[in-house]
1. Take the Cα coordinates of the chain, assign each an equal point scatterer, and use the Debye formula without solvent to give log10 I(q)/I(0) at q = 0.14, 0.16, 0.19 Å⁻¹.
2. Alpha carbon centre of the stretch 134-196 versus the stretch 1-26: separation in Å?
3. Subtracting the Cα-Cα distance from 0.36 nm times the residue separation, let me have the gained length for residue 165 to residue 101 in nm, one decimal.
4. Rounded, prolate or oblate: which fits the stretch 114-208 when a ≥ b ≥ c are the square roots of the eigenvalues of the alpha-carbon gyration tensor, with rounded for a/c under 1.5 and prolate only if a/b beats b/c?
5. By its C-alpha gyration tensor, with a ≥ b ≥ c as the square roots of the eigenvalues, how is the stretch 159-208 shaped: rounded for a/c under 1.5, else prolate for a/b larger than b/c, else oblate?
6. Per residue, what volume in Å³ does the Cα convex hull of the stretch 33-96 take up?
7. Using packing as a proxy for protection, rank 106-116, 74-84 so that the peptide with the highest average count of other Cβ atoms within 10 Å comes first.
8. Report the gain in length on full extension from residue 11 to residue 199: 0.36 nm times residue separation, minus Cα-Cα distance, nm rounded to one decimal.
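Coordinate-derived values only; no laboratory data. From a predicted model like this one, the values you see are computed outputs, not experimental measurements. No Cβ is skipped: glycine too gets one built from the backbone with ideal geometry, and neighbour counts run over all protein chains shown.
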């Protein structure tokens, strides 16, 4: 059980200590909560922080159920269990693409994406249930030339590890529970992270 995202980031940083102060390593937080966790890691390990944005594609009539996810290049990562054809997912992805584009504009504020070619990219989230959004983020980072991709989260459902390992060279987690209902069950405080908190974290620890 983590007290909050800051506590989770500190505990995760202990597992990533071997990457501290390396100039070939970059942290990429998945907004919003992953940026806060990443901020603590950036502070403790003296590493640069940026964002990698992805968004789930909600099912028609049930937006909480992810039938796929979209990355910042607009690429769709399908949820095979949902049974949707790619052509249908492309149609459903329009709203998700708009959300991703808006978030990239907001969080980067006109900054260009950092160079990932040859880098070790540590993708950070505050918790991973199905792994679909994380998988989209990992695919994005890999496609932009990262030499090594690490997925790091305080808690990852044991059932999701195999899926995310398809695009991660390493998966780092404090906890990998087999019984997993929601990320929030592993936190005492798990309020929604605001855009302002993301922006403040990026201003303090992010690339300039």
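1. With no solvent term, the Cα-only Debye profile gives -0.77, -1.03, -1.48.
2. Between the Cα centres of the stretch 134-196 and the stretch 1-26 lies a distance of 13 Å.
3. 20.4 nm
4. oblate
5. oblate
6. Per residue, the Cα convex hull of the stretch 33-96 comes to 100 Å³.
7. Averaged packing, sorted descending, gives the order 74-84, 106-116.
8. Separation in residues times 0.36 nm, less the Cα-Cα distance, equals 65.4 nm.
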